[in-house]
1. Determine the distance separating the Cα centre of the stretch 200-233 from the Cα centre of the stretch 540-573; give it in Å without decimals.
2. Would you check the accessible area of F183, probe 1.4 Å, heavy atoms only, in square angstrom rounded to 10?
3. Going by alpha carbons, how many degrees (0 to 90, nearest 10) lie between the helix axis of 177-187 and the longest principal axis of the chain?
4. Stokes-Einstein D for the chain at 25 °C, 0.890 mPa s, Kirkwood Rh over Cα pairs, in µm²/s?
5. Take the Cα radius of gyration of the stretch 490-725 and divide it by 2.2 N^0.38 Å, with N its residue count; two decimals is plenty.
6. In a shell of Cβ-Cβ distance under 11 Å around G622, excluding G622 itself, what net charge do Lys and Arg (+1) and Asp and Glu (-1) give?
7. Positive end of the charge dipole of the stretch 111-192 (Lys, Arg +1 and Asp, Glu -1 on Cβ, about the Cα centre): tell me which of V174, S129, N160 has its Cα farthest that way.
8. Could you compute the FRET efficiency for Y285 and K351, with r as their C-beta to C-beta distance and R0 at 45 Å, rounded to 0.05?
Amino acid sequence: MKFQIEDVTVYFPYDHIYREQYSYMIELKRTLDAKGHCLLEMPTGTGKTIALLSLITSYSLSKPQSPMKLIYCTRTVHEMEKTLAELKILHNYQIKHLGPQARILAIGLSSRKNLCVNPTVVAAENRDSVDAGCRKLTASWVRALAEENTDVTTCEFFENYEKAASAAVLPPGVYTLQELRAFGKEKGWCPYFLARHMVQFANVVVYSYQYLLDPKVAGIISKEMQKESVVVFDEAHNIDNVCIEALSVSVRRQTLEGATRNLSRISQEIDRFKATDTSILRAEYNRLVEGLALRGNLPITDNWLSNPALPDDILKEAVPGNIRRAEHFLHVLRRLVQYLSGRLDTENVEKESPVGFVASISSHAGIDQKTLKFCYDRLHSLMLTLEITDTDEFLHIQTICDFATLVGTYGRGFSIIIEPFDERMPHIPDPVLQLSCHDASLAIKPVFDRFQSVVITSGTLSPIDLYPRLLNFHPVVSRSFTMSLTRDCICPMVLTRGSDQLPVSTKFDMRSDPGVVRNYGKLLLEMVSVVPDGIVCFFVSYSYMDGIINTWNDSGILKEIMQHKLVFIETQDVVETTLALDNYRRACDCGRGAVFFSVARGKVAEGIDFDRHYGRLVIMIGVPFQYTLSKILLARLEYLRDTFQIKEGNFLTFDALRQAAQCVGRVIRSKADYGMMIFADKRYSRHDKRSKLPSWILSHLQDANLNLSTDMALHIAREFLKKMAQPYDKTGSSDKKTLLSQEELEKLGDGSMHEMSY
């Protein structure tokens with residue numbers, strides 16, 4: 001369908017549109033007109049992706065004189081493929097209506113592991129090995145050697161791509177990762193470097209958060225992006241955690257041992273070069289005297305990771321004299337590794353500010369702050385000079401230089417925390433030194449400053465007013481949309497006690513109480529006997545899940561559950577979990593029914609949908625608070641309190657409730673779907689906890705369902721499932737229309753649209 005929003009003709013590839021999609025587009029257009037940033041919370045399963053893509057591409061088409069680039073960031077490769085598939089449908093629809101002028105180039109960009117077509121390289125087991133395998137075949141010095149010596153192997157796909165030179169371009173169209181690989185194989189070109197090259201010309205680029213938020217990657221991939229771009233962070237409820245991880249570094253015993261091995265190897269390489277060709281080392285020294293101006297003109301294959309500090313904080317000056325010579329730089333690194341090794345030999349938890357830590361390095365190891373700042377760039381330069389290709393072997397020394405550069409660059413917003421052992425396993429010595437970032441706004445600030453509009457959107461952004469404070473920005477639009485439904489297909493309940501009227505909770509003092517564990521087991525047992533198909537059960541942590549399942553097994557509850565449905569469990573091993581999920585789906589498909597035990601904050605809670613019969617009920621056992629004794633969390637809470645005036649309790653509750661909402665939101669993925677959500681903990685009945693749930697869940701949480709026991713919840717579940725089994729009109733009655741056709745949309749004035757949101 002085609003419709004107008006003010007001066008923009010929106011091309012929407014389906015015959016009907018949801019009311020909230022239309023409202024969402026209006027708010028999105030206001031943001032683009034104002035050239036500002038926005039926060040939009042849209043319920044899951046209401047077509048958020050297609051609404052975003054339709055409005056932004058249509059907006060760009062309506063202003064051909066100033067075309068806009070769309071940078072769409074997703075969390076997983078699976079989400080990236082789904083987005084590109086939606087975009088393909090939309091693109092075909094636009095071409096049908098507008099002809100060739102609607103043609104765009106849209107590509108997904110991922111790591112070499114997902115794009116490489118060279119069978120010998122892609123066979124490596126992990127991403128770092130694939131990257132190193134690629135460098136071994138494509139580095140400039142390897143290729144130069146291959147010209148002289150035919151026995152040296154290179155990558156035929158990359159060589160063909162280089163030979164094609166300016167002819168190596170992608171024709172307009174929408175390319176998923178699979179289609180990029182297929183195109184590369186057909187032409188004999190390397191799809192990874194082709195995609196890297198085409199990113200700057202594409203109208204739409206879909207890639208991972210890290211490509212914009214992690215300075216090490218963003219410095220290489222995203223530095224060419226123009227200011228007139230719209231950046232969308234989809235499923236961005238955890239964006240503050242992504243920003244913090246991008247600037248945090250952990251150093252363990254293994255890291256230091258690996259770094260020592262790396263330094264010995266680098267030392268051997270320097271001696272080899274000294275014996276064979278000293279001019280290379282001398283040339284590097286001269287270049288460093290003039291300043292580190294080698295970044296811009298490197299061949300694309302030689303460019304390794306970029307500087308871990310943010311672009312504005314990198315010093316634009318010459319490398320300090322004491323690390324220009326390769327041997328001197330190695331001595332500095334050896335002293336640094338020795339110093340860190342000494343700091344790890346501690347029996348007490350230590351917390352220090354970067355300023356104090358740098359002063360301590362200076363007095364004990366004789367390394368000043370400026371030298372620390374340049375460690376990463378100096379290592380990068382040295383590894384290029386020594387023509388090292390197996391970069392996966394040098395990850396340890398990279399980590400040390402990452403750490404040094406960040407600790408030398410930042411004084412505020414970070415802490416150094418040294419822990420001699422994990423508090424949950426105090427008898428196992430496992431010392432770790434962590435440079436922990438507390439300020440999420442640091443990593444995202446360059447994105448807000450650089451791009452015209454940034455859209456942060458998800459199904460769970462409640463309370464929406466906390467995000468601008470956490471990320472330190474001022475949105476021009478901040479809106480939360482409710483869900484318009486033809487029938488009440490969501491049934492949230494708060495269960496506070498078992499059938500024996502004993503309260504249930506995972507509070508620390510109650511969680512191991514046999515009565516609580518028994519009541520949770522009885523709740524699940526009662527539910528498996530009445531709910532058809534799939535049930536998903538989320539726990540607060542792996543350790544709690546293991547403990548409770550063991551107890552159920554000993555008491556025979558698990559055996560009784562298995563008589564009704566099969567049981568599958570998420571583990572920390574990705575392969576095992578994938579296998580368990582596949583079998584869970586097979587059990588649901590064949591009518592046997594199944595229960596899936598999972599963990600909040602785990603892989604399943606974030607990216608897997610349990611739509612239709614795969615999830616008719618989701619039980620959230622407990623409130624998924626973070627481990628509140630974690631030293632890193634305590635340091636972050638202190639920083640948030642002092643800097644942004646966010647109280648510890650408020651932040652912890654907000655964080656736990658967004659994880660809980662994310663877990664239960666997995667169950668409903670479209671309006672034709674239906675499902676129940678049970679929040680099984682007495683703390684959910686308190687207003688301060690409950691009010692932080694998204695509005696689309698709260699609007700369906702009736703007062704009668706706020707303080708239930710197991711038998712009452714069972715009665716409500718039976719009634720709800722009976723009601724859902726009745727036939728219904730998908731478009732809704734005249735007063736409750738949810739699906740609007742083109743005529744109905746035109747009749748509808750803007751005024752009634754604004755009643756939708758609050």
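The values are calculated or read from the model by the stated rules, or taken from the named source; none is laboratory data. Because the structure is predicted, anything quoted here is derived from the model rather than measured. Ideal geometry is used to build each Cβ from the backbone, glycine not excepted, and the neighbour counts take in all protein chains shown. These area figures cover heavy atoms from the full protein model, side chains too; ligands, DNA and RNA do not enter into them. Shrake-Rupley method; radii C 1.70, N 1.55, O 1.52, S 1.80 Å.
1. 43 Å
2. 30 Å²
3. That helix lies at roughly 50 degrees to the long axis.
4. D = 86 µm²/s.
5. 0.98
6. Details: positive: K507, R511, K682, R683; negative: D681.
My count for the surroundings of G622 gives +3.
7. V174
8. Once rounded, the FRET efficiency stands at 0.70.
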